[in-house]
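First comes the structure, then the notes that go with it.
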Amino acid sequence: MAGPAPAAIWQELNPRQQIYLSTIFDADQAKEEQRAADSAAGHWDNTPAAVWRLIDAYHEPSAPALVGYTSLQYQWRDVGVHDQGTGATMAVLHERGLITFGTRPTRFGQMRQVAITSLGRKVVRASRGWKAPARAVRPPAGLLRERAVEVLLILAEACASGRGYLDWGHSRTIEDKLIRHDPPLASQHRAHGYRRGYVITEAGTAHLAEHHDAYVELYPQLFPAEVPKPEPVWPPEADRLLAALGRRCDDLVAAEQDLRALLAKAEKDTAAQPPAKGGLLADLHAELHRLDLEHTQVRIDLIRGRLERLDPLGPAVAEYVAAALAALATAVDGTGPVAAIRAAADGADLEALPKPATVGATEVDVEAARLYRLATGKRTRGRRPAKAALGTSRHWVPKAAADSVYAIPWALASHLASAVAGGRAHELAHPAPKPPPAPRRPARPRHLLDEIAHRLLVALAAADTPERTARLREEVTFWGRLEPKAVADLPGGLLSGSVTAVTRSTKAVEKLTSRGLAAVLDLRTLPGYAPYRNPYADPGEADRPWPLLHLTDAGRAHLAEHHQAYAELYPDHTPQPTGTASQARVEHPVRLAAPSG
């Protein structure tokens with residue numbers, strides 16, 4: 001006979017038991033996800049699930065000062081359900097078959113461990129409306145399942161990278177599905193006699209290529225659609241054309257300089273005197289000298305012929321500067337620069353250069369106007385160029401051409417080519433719209449607190465709850481050994497460590513206490529105070545105060561009265577009202593501080 005449904009079992013549990021089971025389930029699922037991630041990354045072991053699913057719950061005997069709290073205990077304490085009844089609650093869950101127990105020894109006793117059962121997981125999932133995922137797609141014969149295809153794609157990408165192999169220690173998917181495939185789609189990679197991961201085989205590459213369309217249809221999530229790249233505002237081809245024209249000018253100057261150096265050396269060789277040697281070899285030396293002179297004359301004729309055939313520098317500079325001016329104009333107009341550069345370079349004339357377009361940036365426009373005026377003898381409209389910009393383009397021209405008539409046009413072309421490179425001139429001429437300014441925070445009235453003081457006041461209100469006050473009294477009882485009546489009368493508040501976690505400002509505490517919104521209680525003055533003695537602490541620390549900052553009635557009234565105003569001033573840390581001001585909740589961490597000494 002079937003037992004009760006998981007949803008019905010959940011309804012039979014009381015709220016405390018539900019909280020305990022939910023926290024154990026969350027810890028179990030976190031472990032399961034971590035195991036799956038480690039296995040996918042190649043870090044796999046054969047530890048049984050009955051072992052790795054065990055979670056530390058609580059220590060026996062209870063000794064938080066020695067062994068601390070477990071993760072489950074911290075979660076139970078945060079919601080106010082961690083007390084002496086923890087063992088009884090766990091026993092009820094165990095009797096219902098929702099959890100199992102385990103133990104491991106420690107230096108001070110034993111750690112009780114728990115593991116949620118399959119029924120326990122079903123109960124929690126039913127309470128959260130969880131539905132089983134759809135069954136995996138079963139591929140046709142000859143094709144791989146989704147996980148195997150995913151790993152094979154990762155393997156192919158890794159082998160195509162610079163490493164050349166997939167650096168995974170162990171993968172069950174590769175070992176069982178890819179290596180054992182017929183033919184093998186992957187193999188172990190070995191280097192220097194050691195296994196170094198996996199590589200894809202030729203059969204694996206061919207398998208992906210052959211069945212690519214089928215896998216895209218079966219598992220579209222593994223093949224995300226490629227997002228088309230937006231067309232660049234400034235095409236790289238424009239920069240390449242301008243760079244080629246600039247290199248053409250550089251090459252012409254360098255070639256002419258080299259030819260003239262060779263010609264000077266050859267002419268120097270023609271002035272050499274014949275060797276003054278006599279004897280039996282005098283006629284031989286004379287004949288060799290004559291042959292050297294004839295060879296030198298041939299060299300001179302070849303060099304001069306090449307100089308005459310060398311393209312002149314003027315047309316090349318004209319093409320360069322005309323193309324750069326056209327590129328600047330298209331950057332300002334927003335039209336295509338490639339066609340304009342090619343058209344301007346065809347039949348360019350230094351005597352008919354158009355005026356440079358205005359970008360709207362001083363570092364481009366001032367120098368362009370100056371160089372254009374020097375190159376053409378024409379003045380551009382506007383005031384005189386700034387002196388700070390003069391001469392900044394002198395380094396663009398090689399020294400061999402610095403004194404030629406083409407130096408200024410060349411400098412103009414180089415300046416403009418640098419200005420338009422990468423779309424810089426286009427961005428200067430068409431700047432992106434500025435984002436709208438962020439709305440200004442309304443001015444704070446004088447009777448309201450500043451942001452830091454208000455944050456501390458909200459944290460005090462969050463600590464003024466029955467659950468948090470009970471936790472505070474437990475801690476104070478442990479560290480201070482106060483009398484039960486004094487502990488029962490303790491207000492909810494924050495100890496020094498918790499105040500520091502909210503803000504390190506000492507002025508915030510002074511502002512709250514000076515206005516009567518909060519008060520400071522020195523716990524050392526309470527009856528029965530006998531603090532826990534730390535043998536390793538400085539003896540002088542025992543005389544330090546043990547302050548408790550707590551909310552006053554005036555503070556509660558202040559928060560309730562000005563809640564709307566604070567919500568407009570500080571919306572990030574103003575909680576929504578949930579009844580009284582003392583029931584507010586904030587996201588600040590709260591830590592309890594033990595007394596010094």
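The values are calculated or read from the model by the stated rules, or taken from the named source; none is laboratory data. Not measured: the values here are computed from a predicted model. Reconstructed Cβ throughout: ideal geometry from the backbone, glycine too, with neighbour counts over all protein chains shown. Note: areas computed on protein heavy atoms with side chains; ligands, DNA, RNA excluded. Shrake-Rupley method; radii C 1.70, N 1.55, O 1.52, S 1.80 Å.
The table that follows gives values for the structure above.
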| item | result |
| --- | --- |
| Estimated vicinal HN-Hα couplings, Hz - the stretch 545-555 in sequence order (Karplus 6.51, -1.76, 1.60; Gly, Pro = x) | x, 10, x, 10, 8, 10, 7, 9, 4, 5, x |
| In Hz, Karplus ³J(HN,Hα) per residue of the stretch 89-96 (6.51, -1.76, 1.60; θ = phi - 60°; x = Gly, Pro) | 5, 5, 5, 4, 5, 5, 5, 7 |
| Accessible area, probe 1.4 Å, largest first, for residues C249, C159 | C159, C249 |
| Förster-model FRET efficiency, 41 Å R0, D213 and V338, C-beta, rounded to 0.05 | 0.65 |
| Exposure of S71 as accessible area (Å², to 10), given a probe of 1.4 Å and all protein chains | 80 |
| Nearest-10 value in Å² for the accessible area of D38, using the 1.4 Å probe | 50 |
| Global geometry of the chain, whether rounded, prolate or oblate, following the gyration tensor of its Cα atoms and the 1.5 cut on a/c | prolate |
| Cα gyration tensor shape of the stretch 1-123, rounded if a/c is under 1.5, else prolate or oblate by comparing a/b with b/c | oblate |
| Shape call, the stretch 150-220: gyration tensor on alpha carbons, a/c limit 1.5 | prolate |
| Listed residues D489, D522 arranged by accessible area, highest first, probe 1.4 Å | D489, D522 |
| Residue-averaged [θ]222 nm for the chain, counting only DSSP H segments that reach four residues, each worth -39500 (n - 2.57) | -15000 deg cm²/dmol |
| Sequence-distant residues sharing a close amide H with G197 (under 5 Å, placed H) | H189 |
| Computed accessible area, H94, all protein chains, 1.4 angstrom probe, square angstrom | 80 |
| Charge tally in the Cβ shell below 14 Å around T270, where Lys, Arg are +1 and Asp, Glu are -1, T270 excluded | 0 |
| Helix 362-376 axis, angle to the chain major axis (alpha carbon atoms, nearest 10°) | 10 |
| Residue-span extension gain [L66 to E294] - 0.36 nm each, minus C-alpha spacing | 71.6 nm |
| C-alpha center-to-center spacing [the stretch 455-507, the stretch 188-264] in angstrom | 64 |
| Interchain or long-range residues, amide H under 5 Å from Q113's placed H | A57, G102, T103, R104 |
| Other-chain or far-sequence residues with amide H under 5 Å of W44's (modelled H) | H170 |
| Vicinal HN-Hα couplings computed from phi for the stretch 146-155 (Karplus, 6.51 cos²θ - 1.76 cosθ + 1.60; Hz; Gly/Pro x) | 4, 5, 5, 5, 4, 5, 5, 5, 4, 5 |
| Sulfur and carbon atoms: percent of accessible area, the chain [1.4 Å] | 54 |
